[in-house]
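Peer 1: Structure below; questions to follow.
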Amino acid sequence: MQTLKKASILFLLLLAALSFSVVLADGHLPDLGGRTVVVAVDNAYIPFSFIDESGEAMGWDYDVLGEICARLNCVTEWIETGWEGLIVAVSLGEYDVSAGGITITEERKEIVAFSDGYMSTIQRLMVRLDEDRFASAADFAMGDFVIGVQVATTNHEAAVDLVGEDRVVPYDSFGFAVQALIAGDVDGVVLDDVAGQGYVGVNSGDIKLLDDELVSDELGFIYAQDSELIEPFNQALASMREDGALDAINAKWFPPDDAESMALPDLGGRTVTVAVENAYPPFNVLNEETGEGEGWDYDTLGEICARLNCVPEYIETSWEGLIVAVSNGEYDMAADGITITEERAQIVDYSEGYIDVIQRMMVRVGEDRFSNADDFVAGDFVIGVQVATTNYIAASELLGGDEERIVGYGEFGLAVQALITGDIDAVVIDDVAGQGYTGLNADKIKLLPDDLIKQQLGFIYPQGSELVEPFNMALDAMREDGALAAINAKWLGGDE
C-alpha cells in the first residue's frame, strides 16, 4: 500500500495526460462542453473515496471520474455528503452523480438510474487479526457474536440475513464500524471485499478478511433517472476498459493479495540521470507550447521511479555519442527508443525489451513513383536516416550497400523535414516512431506497409549498473497491473 501511495500523485498526472490523447483519438466520445458535474461522495469508504493523512481527498472514485471527465470535456466538483440520504438526494437532482461503491439493486433502480456496472464485488466478514473463536461465517452465525455495518447499505442487509437484526450494530460510516471492530466493541464487520482490502491495507496489523463469500454484488455510479450524463459516462467507461486505463486505476487502488511478495526495491529517493534526445516522438519530444519534455519515455520512467522511490533527471543529449556516454557512466541510463543489438550489448547493459518495433519506409503522401520497398530499390531514389542508428544499417542493407543513395542526418526530425520538402524520397524509421511523426504530419507523410526488420527496444545503462534489476522489476509490475498498457495506449495507439 505504501508503494502505491508513493505512485499516486504521479500516476494521477499520467492518467490525466492519457485522457487528453484519448479524446483526440476517440472522437466518437461526446463533448460535454466543459460543464461542471457535481459528484456526491462520503469520503469515508477506502479505497473508493477517503481523506488521507495530509487531508487530501483521493481514491478510485476520484481517479475514474476525473478520467471520465477528461475524456468527455467536463469538470468534476466533489461534495462530501453523508451516506444516509445520499441516494435520495441524487434522485431529487441535488447532485449530478454519486460515486462510493454503490451496489446496483432493483429497489434502488426505482428512484435512481445506474451506470453500467464497473466492478463485481463479494461481501465478506472482516474480523480482528488474532481472532480464534471462529474461523468462518457459519461459525460466527452459530455463536452470539455481533456484527458492525454502515447503515442503509446492502452490507447491512447481508449482516441481517446472516445473524438477524438483534446482533447487528449500525454505524454512520464503515470507518466507524472498522474502528469499533479494532477496539473490540463488535466481533465482525460485513463489507465489500474491495473496500475490505482497502481497510485491511491501512490496518494490516489489526484486521483481516475471512474467505467466506456472503453475497456477490455489482457496483455502479448513480444519477437522477432522466440524467443526460448516463450514456456519455457509459461510453467513457467502455473506452477506458478498451484502452487499459480502467485496469491501471484498478491496479493502483486494488492491489493483488500477494502484493507484499511482489514488493519493489526502494531506491531511497535517489536521482537517476536519463539521457534523451527530445527529438524522437512519441518517445521523447519537446511540447511546442510549454517547451517541456514529454512522451512515452517520460511517462514510463516517471512511473517506474514513482514505484521505486527515485527521481528521474532528464538531460537532453544528441544521439551521436549517447550510447558511448552512457557506457562511460556520464548518465545513469538512456531512453530513446534504443534498439537492442549484440554490438551495443558489448559496451552497455540493456533493460528487458519493452516494445517490439518494425523498421519501415516513410514517404510523402501522394507518392506515386513507387509503392513498396522493392520498387524503391529498383529506382534511383534516395533515403534519409539518422546517423549511427540501426535504421541507417537497415537502409544500407536495403540498397545493397549503395551509400551514395543514403543521406545521414543528426536526428530523425531533420530527415523527416527533408522528406517533406522533397530533398529525399524516403526515410527508414521504426514504425512506432514513424507513427509519431505521421501523427504530427498526417497530411504530408505516410508509412509503407513493408516490414524491413523486426527489432526490440530497451533502456541502456553502464555495464554492471545496479539499476537494471530494479527497473526490470518495475517494468514487469507495470505489465502485470496494466499501467504499461495505459501508457502504450496513450503514446503508441491501440495496436500496441
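Peer 1: Would you pick out the residues in segment 384-418 that are under 17 Å from F283 (Cβ atoms), out of contact with any helix residue (DSSP H, G or I) (no Cβ under 6 Å at 6 or more places or on another chain) and outside any loop (DSSP other than H, G, I, E, B)?
Peer 2: T390, N391, F412, G413, L414, A415
Peer 1: Here is a further query. Filter segment 85-111 for residues that are assigned to a loop (DSSP other than H, G, I, E, B) and in contact with an Asp or Glu (Cβ under 7 Å, 6 or more places away or on another chain); which is farthest from S49 (Cα to Cα)?
Peer 2: Per the criteria, the residue is I104.
Peer 1: Of all residues being aliphatic (A, V, I, L, M) and touching a helix residue (DSSP H, G or I) at 6+ places or on another chain (Cβ under 9 Å) in segment 48-76, which is nearest to S173 (Cα to Cα)? Just the residue, please.
Peer 2: It comes out as M58.
Peer 1: Note down all Cβ pairs under 7 Å where the first residue falls in segment 441-463 and is surrounded by 20 or more Cβ atoms within 10 Å (Cβ to Cβ), the second is part of a loop (DSSP other than H, G, I, E, B) and among the hydroxyl-bearing types (S, T, Y), and they're at least six residues apart or on different chains.
Peer 2: Filtered contacts from segment 441-463: L457/Y354; G458/S351; G458/Y354; F459/S351.
Peer 1: Residues to consider are A137, A177; find the one that is out of contact with any helix residue (DSSP H, G or I) (no Cβ under 6 Å at 6 or more places or on another chain), under 21 Å from L86 (Cβ atoms), surrounded by 18 or more Cβ atoms within 10 Å (Cβ to Cβ) and of a type in the set (G, A, S).
Peer 2: Going through A137, A177 in turn, just one is out of contact with any helix residue (DSSP H, G or I) (no Cβ under 6 Å at 6 or more places or on another chain), under 21 Å from L86 (Cβ atoms), surrounded by 18 or more Cβ atoms within 10 Å (Cβ to Cβ) and of a type in the set (G, A, S): A177.
Peer 1: Do the conditions hold for A158, that is, is it more than 24 Å from D52 (Cβ to Cβ), in the same structural domain as I230 (by TED's automatic domain parsing) and hydrophobic (A, V, I, L, M, F, W, C)?
Peer 2: It is false that A158 is more than 24 Å from D52 (Cβ to Cβ), in the same structural domain as I230 (by TED's automatic domain parsing) and hydrophobic (A, V, I, L, M, F, W, C).
Peer 1: So which residues in segment 216-231 are in a strand (DSSP E or B) and crowded, with 19+ Cβ neighbours inside 10 Å, if there are any at all?
Peer 2: D217, L219, I222, Y223
Peer 1: Would you check which residues across segment 311-330 are farther than 17 Å from V272 by Cβ and of a type in the set (G, A, S) and list them?
Peer 2: Listed by number, the residues that qualify are S318, G321.
Quick grid of which residues meet (1) in a helix (DSSP H, G or I); (2) of a type in the set (D, E); (3) touching a Lys or Arg at 6+ places or on another chain (Cβ under 6 Å):
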residue	(1), (2), (3)
I420	yes, no, yes
V427	no, no, no
Y437	yes, no, no
K446	no, no, no
Y461	no, no, no
A489	yes, no, no
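Peer 1: Which of (1) farther than 20 Å from E320 by Cβ; (2) modelled with pLDDT of 90 or more; (3) surrounded by fewer than 17 Cβ atoms within 10 Å (Cβ to Cβ) is the odd one out, the single condition E403 does not satisfy?
Peer 2: Unmet for E403, out of (1) farther than 20 Å from E320 by Cβ; (2) modelled with pLDDT of 90 or more; (3) surrounded by fewer than 17 Cβ atoms within 10 Å (Cβ to Cβ): (1).
Peer 1: Hey, another quick one. Is one or more of the residues making up segment 375-389 closer than 21 Å to A279 by Cβ and of a type in the set (S, T, N, Q)?
Peer 2: Taking every residue of segment 375-389 in turn, at least one turns out to be closer than 21 Å to A279 by Cβ and of a type in the set (S, T, N, Q).
Peer 1: Next up: Is there a residue being without any contact (Cβ under 8 Å) to a residue 24 or more places away in the chain and either farther than 18 Å from T271 by Cα or of a type in the set (D, E) (or both) anywhere in segment 307-323?
Peer 2: Yes, the conditions are met somewhere in segment 307-323.
Peer 1: Across segment 32-82, what is the total count of residues that are in a helix (DSSP H, G or I) and either within 25 Å of N203 (Cα to Cα) or outside the structural domain of L246 (by TED's automatic domain parsing) (or both)?
Peer 2: Total satisfying the criteria: 5.
Peer 1: Also, quick follow-up: State the number of residues belonging to segment 155-204 that are at pLDDT 90 or above and not charged (D, E, K, R).
Peer 2: 26
Peer 1: Out of segment 69-95, which residues are among the charged types (D, E, K, R) and surrounded by fewer than 22 Cβ atoms within 10 Å (Cβ to Cβ)?
Peer 2: E77, E80, E84, E94
Peer 1: Moving to a separate point now. Out of A395, A418, A373, report the one residue that is in contact (Cβ under 8 Å) with a residue 24 or more places away in the chain, among the small types (G, A, S) and crowded, with 21+ Cβ neighbours inside 10 Å.
Peer 2: Checking each option against the conditions leaves just A395.
Peer 1: Something else about it: Quick check: is even one residue across segment 112-119 in contact (Cβ under 8 Å) with a residue 12 or more places away in the chain and within 13 Å of G188 (Cα to Cα)?
Peer 2: no
Peer 1: Next question. Would you call V127 more than 30 Å from G34 (Cβ to Cβ) and either crowded, with 18+ Cβ neighbours inside 10 Å or not assigned by TED's automatic domain parsing to the domain that holds L162 (or both)?
Peer 2: Judged against the criteria, V127 is a match.
Peer 1: Can you list residue pairs whose Cβ atoms sit under 6 Å apart, with the first residue in segment 356-369 being of a type outside the set (F, W, Y) and the second being surrounded by fewer than 18 Cβ atoms within 10 Å (Cβ to Cβ) and assigned to a loop (DSSP other than H, G, I, E, B)? Count only pairs 6 or more apart in sequence or on different chains.
Peer 2: I358/D451; V365/K444
Peer 1: Determine if segment 99-107 includes at least one residue that is surrounded by fewer than 21 Cβ atoms within 10 Å (Cβ to Cβ), of a type in the set (D, E, K, R) and not assigned by TED's automatic domain parsing to the domain that holds S227.
Peer 2: No, segment 99-107 contains no residue that is surrounded by fewer than 21 Cβ atoms within 10 Å (Cβ to Cβ), of a type in the set (D, E, K, R) and not assigned by TED's automatic domain parsing to the domain that holds S227.
Peer 1: Which is of a type outside the set (F, W, Y) and assigned by TED's automatic domain parsing to the domain that holds G384, of P470, P449?
Peer 2: P449
Peer 1: Another question, then. Out of the strands (runs of 3 or more DSSP E) lying entirely within segment 156-215, which hold 2 or more residues that are in contact (Cβ under 8 Å) with a residue 60 or more places away in the chain?
Peer 2: 188-192, 207-209
The values are calculated or read from the model by the stated rules, or taken from the named source; none is laboratory data. Every value quoted in this text rests on a predicted model; they were computed, and no experiment measured them. Using ideal geometry, Cβ is built from the backbone for each residue, glycine included, and neighbour counts are taken over all protein chains shown.
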